[in-house]
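A short write-up of the structure that comes next.
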Amino acid sequence: MKKRNKLKILNDPIYGFITIPNELIFDLIEHKYFQRLRRISQMGLSYLVYPGAHHTRFHHALGCMYLMQKAVRVLRFKGVSISEEEEEGLYVAILLHDIGHGPFSHAMEHSIVNEINHESISLMFMEKINEEFNGSLTLAIQIFKGEYHRKFLHQLISSQLDMDRLDYLKRDSFYTGVAEGNINSERLITMLTVVNDELMIEEKGIYSVEKFLLARRLMYWQVYLHKTSIVAENVLIRVLQRAKELVDDGVELEASKALKFFLQNKITADNFTEDVLETFAKLDDYDVVSAMKEWMSSEDFVLRTLSAMIINRDLLKIKIKKKPFDNEKKEKQIEKFKQAYKISDAEARYFVFGGTITNQAYHQNKQNINILYKSRKVVDIVKATDEYNLEALSKPVTKYFMCSPKYKH
């Protein structure tokens, strides 16, 4: 049999050519669990706001791996020793860090999969693949979990300045066309250094870090927490909750086998077995979208109306403000909608609801971004900068929203 060439090159619209570093990485990319990420949008329903935002988690994972390759080169150049095993562990861990995301993952985590987050599912996928690959992911899993003795390796994968954030800000900014998020990830990586196995940024990188934190804040307000995205995600959560409620009441709903399984069963961290994982691996955006297309003709008023809102992008209206909404107003809206459509109170509450959104670009005291001065002094970015805004960026900002139906006159 002719040996396949596994050292392929991929073309990325942001970084240009990405080289697959070795055969193990190639085999992981080929794996069906990883290929599933091609069918999962990186930004959920944001394409209802930014029509270009159709890039996938597959795309993002490869971008993260490319940045990790750069980081390894930079750190080695600066005399940080990283063994070949550690290097491979980093590439595997960053490549698979998001493999546990479900379709429209944040909506999934609030509706049909309970009390289990995508990080835990990612870990389960990694452990399953590790069995198939005869233990060759063991070190990567240790690094991913933060159990490996060299802390900076984990920080490259998960911290406030990791390869994941450096890729998604730049990528999401590129695909949405929101220029404010366009950070200079290459310069930030060039400024990385390691002291006592801790990741730091050299003093001359302070301004790049400031820009990165500012970009993160702006991307949250302009993109991730855009009012239309918030409505769309909340409507989707309610579509799935309503579908689950109907199935629990014995109503037959059209859906793919995989989606049906999650609608029919209460899945939590305790009963997320290998069989459940296998079913989860069959779920992607297409299951949810095609189900909603079917549900638009459901006999249930709530399910068909909410599904049509997303499919036809005719969403609820939303108001966002800095103070909580008056409960009386909300109850009046519910009453009005109940009367207009002759539905029950519980049904009307699917269409009138509130919530909060929080934006915090930097968490002080949580795996800080440390600046290393030439004098070898180490200072947290908020103290190191003369940018008074950074102090503000590290405080959480909470806003309140209320969604309610539009009335056609």
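The values are calculated or read from the model by the stated rules, or taken from the named source; none is laboratory data. Because the structure is predicted, anything quoted here is derived from the model rather than measured. Backbone-built Cβ (ideal geometry, glycine too); neighbour counts: all protein chains shown. Accessible surface areas use protein heavy atoms only, side chains included; no ligands, DNA or RNA. Shrake-Rupley method; radii C 1.70, N 1.55, O 1.52, S 1.80 Å.
Take every Cα pair under 8 Å whose residues are at least 6 apart in sequence, average their separation, divide by the length of segment 344-393, and the relative contact order is 25 percent.
Roughly speaking, what is the stretch gain from residue 195 to residue 275, that is 0.36 nm per residue apart minus the C-alpha to C-alpha distance, in nm to one decimal?
That works out to 24.4 nm of additional length.
Of all lysines in the structure, those lying under 21 Å Cα to Cα from residue 336, and not within fewer than 8 positions of it along the same chain, are 317, 319, 406, 408. Separation of segment 121-196 and segment 255-325 by C-alpha centroid, Å? Computed from Cα coordinates, the inter-centre distance equals 29 Å. Full extension of the chain segment joining residue 222 with residue 76 gains 48.9 nm, where the gain is 0.36 nm per residue of separation less the Cα-Cα distance. Remark: segment 367-379, residue by residue, has Karplus-estimated 3J(HN,Hα) of 6, 4, 8, 9, 9, 9, 7, 4, 6, 6, 6, 10, 9 Hz, where x stands for each Gly or Pro and the curve is 6.51 cos²θ - 1.76 cosθ + 1.60 at θ = phi - 60°. Multiplying the residue separation of residue 186 and residue 142 by 0.36 nm and removing their Cα-Cα distance gives an extension gain of 13.2 nm. Among 142-151, 217-226, the peptide with the highest mean count of other Cβ atoms within 10 Å heads the list, and the full ranking is 217-226, 142-151. The GluC sites (Glu not before Pro) found in segment 250-280 that occupy coil by DSSP, while having at most 14 further C-beta atoms within 10 Å, are 252, 254. Charges were assigned to the Cβ only: +1 to each Lys and Arg, -1 to each Asp and Glu. The resulting dipole of the chain about its Cα centre is roughly 1580 debye. Charged neighbours of residue 231, selected by a Cβ distance under 13 Å, balance to +4 (K, R count +1; D, E count -1). Here segment 282-404 has 50 percent of its accessible surface on carbon and sulfur atoms, given a 1.4 Å probe and all protein chains in place. Net charge in the neighbourhood of residue 197 (other residues with Cβ under 9 Å of its Cβ; Lys, Arg +1, Asp, Glu -1) is +1.
Ranking 146, 22, 222 by how far each Cα lies toward the positive end of the dipole of the chain (charges on Cβ) leaves 222 at the top. Here the scattering of segment 301-397 is modelled by Debye summation over its C-alpha atoms, one equal scatterer each and no solvent; at q = 0.16, 0.17 Å⁻¹ the log10 of I(q)/I(0) is -0.79, -0.84.
Using the Cβ-Cβ distance between residue 323 and residue 377 with R0 = 60 Å, the FRET efficiency computed as 1/(1 + (r/R0)^6) comes to roughly 0.90. Enter the angle in degrees (range 0 to 90, nearest 10) between the Cα long axis of helix 227-248 and the first principal axis of the Cα atoms of the chain, meaning the one along which they spread out most. That works out to roughly 60 degrees. Among 22-29, 337-344, 322-329, the peptide with the highest mean count of other Cβ atoms within 10 Å heads the list, and the full ranking is 22-29, 337-344, 322-329.
Quick one: angle between helix 206-219 and the longest Cα principal axis of the chain, in degrees between 0 and 90, rounded to 10, please. Roughly 10 degrees, rounded to the nearest 10.
Using only alpha-carbon positions in the chain, the gyration tensor eigenvalues give semi-axes of 39, 28, 17 Å once each is multiplied by 5 and square-rooted (largest first). Measure nothing but the geometry: give the 0 to 90° angle between the long axis through the Cα atoms of 327-341 and the longest principal axis through the Cα atoms of the chain, rounded to 10°. With both axes taken from Cα atoms, the answer is about 50 degrees.
When you count the other C-beta atoms within 10 angstrom of each residue and take the mean per peptide, 32-40, 103-111 line up highest first as 103-111, 32-40. Averaged per residue, the chain has 47 square angstrom of accessible surface, using a 1.4 angstrom probe with ligands and nucleic acids left out. In units of the rule-of-thumb radius 2.2 N^0.38 Å, segment 115-235 shows an alpha carbon radius of gyration of 1.27.
Pairs exceeding a 21 Å alpha-carbon distance, out of 204/395; 227/282; 70/151: 204/395; 227/282.
Local charge for residue 30 was computed over the other residues whose Cβ lies under 13 Å away, with Lys and Arg +1 and Asp and Glu -1, and equals +3.
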